[in-house]
Amino acid sequence: GRLTGRNMASAAISFNNQKKDTIMANQVTCPQLADVLNENECLENRAGMASTVYLGLKSELAAALTATENTYSTPAFATGKGLYKVDCKDDANQVQGSSLGYRKGFELTFNFTIDSVNPAAGKLARAINNRDIFIIVEEKDGTSQIMYDPKIKVKFDSGGIKTDTGAKSDDERSTTFEAKLSSVNYPNLYVTEPTENGWDSLLASKTPGK
């Protein structure tokens, strides 16, 4: 039908409202600066990580983890699934974060070592080299870091998993792992621990049906 002046004005208002809604929908929240003051750094600042590592398969999660800034939600698993616990060498676990350039995010690197070269360590090495995993490790202050992204895989580059039997009788036998996750939004990623009994409460070996 023919547009009247009133209809044309109404159509113009509707178009402008739609344009405004589109602009608002496309707005982003930029990273914000905040004060980091020495007066708030009054607690112990222990270096190093705990010697226990927890591994999980992303395919066994009940749902993808959700993040609030740099902290992920506690993992929930499908029935009969859970975490896998690895006891590592003392004072060998280390998490590092490094920038990839301006507005390109960060790469996480996690090193851990097992004091053995045996069939069990070899099976673990093959599994995590081939599967889509995530890694959780506790800090010495009780918080936990995670290597996880719902769309990006944790990978072990060429030479990222090494075994060493040693040569002399007093040498150490070890299997070393260097996992990488790139590129993510933060130089360290954290995860909320279970409210009761820590990460051991989510072990696959303790879930019903195992």
Ratio for region 100-210, C-alpha Rg to 2.2 N^0.38 Å, reads 1.24
At what distance in nm do the modelled label points of Lys151 and Gln27 sit from each other, each positioned 7 Å from its Cα along Cα→Cβ? 2.4 nm
Counting only DSSP beta bridges with both residues in the chain, what percent are antiparallel, rounded to the nearest 5? 95 percent
How far is helix 5-25 tilted, in degrees, relative to the longest principal axis of the Cα atoms in the chain, given as a value from 0 to 90 rounded to the nearest 10? 10 degrees
Using Cα Rg over 2.2 N^0.38 Å as the read-out, say which of (i) 1.42; (ii) 1.34; (iii) 1.69 was calculated from these coordinates. (i)
What value, in deg cm²/dmol to 500, does the helix sum -39500 (n - 2.57) over DSSP H runs of n ≥ 4 give at 222 nm once divided by the residues of the chain? -5000 deg cm²/dmol
Distance check, please: which entries in Lys58/Lys85; Lys85/Lys140; Lys58/Lys162; Lys104/Lys155 exceed 22 angstrom between their Cα atoms? Lys58/Lys162
Quick check: the angle from helix 119-130's long axis to the longest principal axis of the chain, C-alpha only, nearest 10 degrees? 20 degrees
Please list, by residue number, every one of the GluC sites (Glu not before Pro) in region 22-92 that is coil in DSSP and has at most 13 other beta-carbon atoms within 10 Å. Glu41, Glu44, Glu69
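Bear in mind these aren't lab numbers, they're just calculated from the coordinates by the rules spelled out. Quantities reported herein were computed from a predicted structural model and do not represent experimental measurements. Reconstructed Cβ throughout: ideal geometry from the backbone, glycine too, with neighbour counts over all protein chains shown.
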